[in-house]
Amino acid sequence: MKEPNGVGRMWNLYRTGGFTPAIASMLGSQNAQHMAQIRNMNREQRRTSALDATLESLEIVVFDLETTGFSPNNGDEIISFGAVSVRGGEVIEEESFYSLVNPKRNIPPNISELTGISNEMVKDAPDLIQVLSSFMSFIGKRILVAHASGHDKQFLNQALWRTSKTNLNHRVIDTIMLAKWLEPGLPQYDLDTLLLRNDIPITNRHHALEDSIMTAKLWNIYMDKISLKKNIVTLGDVYAYLSQH
């Protein structure tokens, strides 16, 4: 009897043993474990709602990604993850996450110049699924914050789908939206402009962890300003206001 090919073998395992053995046969047990962990954490997140949490009690993770370009649909890849915890209005720098990623492609010279990340630096870095699994474990069920989050969400969703066939279920708050509310009329809302306006020292820009820490400090300043406004008590209040403006 002819042995089934890779796809046929996976289908047979799926019918007899379920999803996990089938994936393990194709990806190897370690990557299958990472995939199962990512899917489980994302599934648990769907059951979590933080809209009733008061602003002062929020536990969040501010994150940033560095990438080889601007379009994951055209082959661009994540080259580093950075994230830091914020709790009780304090940036907890000792609770941080940083990792390079092997993008399995060359980093363009302009990106290396911008980020300081070279092909040599990432050649022995872990694969995307390993870093993504660790990153999802770090953030847990907490709310995510990023500056210009559209770029990061696009790459993160692409990475989650490619590695684990799931999408991001976490709420993501964009500090640009808060800036447009609290500092209206600025000609631009890039991170450098907002850091300078709020007297936050600019350190190592375009380093994923450093950008996360600086954005976390900006977030805290905005939370202090929001706390002075009437009727803005919970995260749900913030979402309601932003949706109307």
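Only the coordinates and a few stated rules stand behind these numbers; no lab work does. Predicted, not measured: the structure shown is a model, and the values here were computed from it. Positions of Cβ are backbone-derived with ideal geometry, glycine not excepted, and every protein chain shown enters the neighbour counts.
Here are a few things to note about the model shown:
- Ordering of 121-127, 212-218 by burial proxy (mean other Cβ atoms within 10 Å per residue, highest first): 212-218, 121-127
- Measuring between their Cα centroids, the range 67-106 and the range 134-199 lie 11 Å from each other.
- Volume per residue of the convex hull around the Cα atoms, evaluated for the range 63-143, comes out as 115 Å³.
- Label-to-label distance, Leu51 versus Gln30, with points set 7 angstrom from Cα along the beta-carbon direction: 4.2 nm.
- Take every DSSP beta bridge whose two residues both sit in the range 69-183; close to 75 percent of them are antiparallel.
- The range 111-182 shape via C-alpha gyration tensor axes, a/c threshold 1.5: oblate
- Relative compactness, the range 160-245, computed as alpha-carbon Rg over 2.2 N^0.38 Å: 1.26
- Entries of Lys141/Lys230; Lys180/Lys229; Lys180/Lys230 with Cα pairs more than 22 Å apart: Lys141/Lys230
- Remark: C-alpha extents of the range 41-244 on the principal axes read 52, 38, 32 Å, sorted largest to smallest.
- Summary of packing: across the peptides 63-70, 88-95, the per-residue average of other C-beta atoms within 10 Å ranks them, highest first, as 63-70, 88-95.
- Among residues other than Ser85 with Cβ under 11 Å from its Cβ, the summed charge is -3 (Lys and Arg +1, Asp and Glu -1).
- DSSP bridge pairs, the range 41-244: antiparallel proportion in percent, nearest 5: 75
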